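The values are calculated or read from the model by the stated rules, or taken from the named source; none is laboratory data. Owing to the predicted nature of the structure, the values given are computational and were not obtained by experimental measurement. No Cβ is skipped: glycine too gets one built from the backbone with ideal geometry, and neighbour counts run over all protein chains shown. Ligands, DNA and RNA are stripped out before the accessible areas are found, and what is left, the full protein with its side chains, is counted by its heavy atoms. Shrake-Rupley method; radii C 1.70, N 1.55, O 1.52, S 1.80 Å.
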Amino acid sequence: MVSVAVVSLMANGCADLGSLRLSHPSVAPDAQPTATLKVDPSQIPTMYRQMLAVDLPTVARVAMARNLDIQQAQQRVEASRGAYEASIGAIFPSITPGATAVGLNGAVASGGGFGLASFQNFFPVAALQWIINPGQVAYDLVASKRRLEASAQQQQAMEQETTRLAAMQYYDLILAQAQVAVTRQAMEESEELLRIERLKTESGTGLPADELRAQAAVAAVQQAGLSAIKEFYNASIALTLTLHLDSTVMLVPRAGAMAQTTLVREDLQIEDMLVIALRHRPDLQAVRTLVSAAQADKGATLWGGLGPQVQAAGLVRPAPPAETVADTEYRQQTYAVTGGFNWSAQIFGRIKTAMANAKLSGLDLDRQLDKVRAAVVSAHQASITAAKLIPLAGQEVASAEEALRLTQQDLRTGTGLTIDVLQAEDTAEKARLRRATAMVRYNQAQINLLAALGLIDQTNLDQPTAAPVLGAQAEPPGSALSRAVSK
């Protein structure tokens, strides 16, 4: 069985790790919702010198190409591949080439008598040594192969997590832009109120207190606007960090309209989602593979401490230059082979440690299973809640803006109060912000749900999430970012 396992692993050792990537089932809906959110970053001042417009597909592609966590995961795969190749090399003997200089002086028998003689020679030599415990080598091969597979699966998990994180940060950027837009609109409304109150004060029909309230409202909105711009800058910096770009470059979402995007159809049952996640989550696959590696480590420890060991050594070198002289004292050992056991009291502690490590890996698998299930359920519930919030938030915006219009009209005709307008403006601002938040959080919940299922990749995000609007720049999406990256 050991020899069969060794031969099988050697035959498949160089297999393409791409076969570990499973084809993803389609969970996308046939139709998309119609709700949209205007995206217009033109009112945001440039942070330093350069501003780049991006969209979601471009962000995902750049993240895959430049993210440092993905690059580290790729190098971990190469390190695991080197460890696997080293375990294959343990099957073969070691070769120690060298050179030897020999000088001999002494008495030799010659012609019925004795005489003095000396020999000097310089010749190459090669020593072959082979020490192997067949069972330990076989199990080491299995363990290293499983760790190589696990590192490849961990790379896939890192790619998915990076894609998820970049998409979430892109939507954070859109939400921050929406907050700036909301405060801009509130600023215009508060400045208009202040203008009316000043006119009323100058004409003697207004109260100084109402003008002061309007001035305070303008100052409050100005502060909120500065804070919103700072939050936008923070969102841009966070995204550049994920994309491994210069943080002084301000990233802005491409102008257009962000659509409410459903990535996982609503009729997909939670039981089906859990089945998909348990099959397709690469991080869960990696933990399962590491459990197999820990079991193989236990076998290697048992065989290494209790199994037979074979040692063979050979020496290859030219014969001594004795020629016709009878040198009866010369002996040259060409090979030696021994077999046996090497038992030590240490092995019982090592076996105990290996068994505990195998159990720990099993507990890690149980923990990861719980995390996967919880992530799917949490993301699903967040998506359901966000979907319900969007129409409610839209209704709130419509009612709040109509109430604001009526109170402004009453103020102009002299039948309304300034405090009513201020309250209506505050209500309208909060309603607009809640609607923008609901829209963005829904898209983020869909991203999280797709990632929880283990299905997120660039192909899921290839459809632009912002439709161009009339008058928007005609440059292809992400082209500026692509040029910056190439530089």
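The label point for T353 and the one for D410, both projected 7 Å from the Cα toward the Cβ, are 7.9 nm apart.
For the range 204-275, applying the loop criterion from DSSP together with a ceiling of 13 other beta carbons within 10 Å to the GluC sites (Glu not before Pro) yields E266.
Amide H to amide H, with H built 1.01 Å from N, L251 comes under 5 Å of L52, counting only residues 5 or more places away or on other chains. Close amide H pairs (under 5 Å, H built 1.01 Å from N) link A35 with Q260, residues at least 5 positions away or on another chain. Taking other residues whose beta carbon is less than 11 angstrom from the beta carbon of D297, and scoring Lys, Arg as +1 and Asp, Glu as -1, yields +3.
When M439, M64 are compared by accessible area at a 1.4 angstrom probe, the order from most to least is M64, M439. Ordered by 1.4 Å accessible area with all protein chains kept, E429, E85 run largest first as E85, E429. The N234 and A345 beta-carbon pair, evaluated with R₀ = 51 Å, returns a calculated FRET efficiency of approximately 0.25. At the residue level, T289 shows approximately 10 square angstrom of accessible surface with a 1.4 angstrom probe and all protein chains present.
Taking 7 Å steps out from each Cα toward its Cβ at F92 and E188 produces label points 7.5 nm apart. Here R265 sits with roughly 80 square angstrom of accessible surface, probe radius 1.4 Å. Round to the nearest 0.05 the FRET efficiency obtained for H244 and L306 when R0 = 60 Å and r is the Cβ-Cβ distance. After rounding, the FRET efficiency stands at 0.75. In a fully extended conformation the segment linking D30 and K371 would gain 119.8 nm over its present Cα-Cα distance, using 0.36 nm per residue.
Taking 0.36 nm per residue of separation and subtracting the current Cα-Cα distance, fully stretching the chain between Q215 and Q395 would add 61.8 nm.
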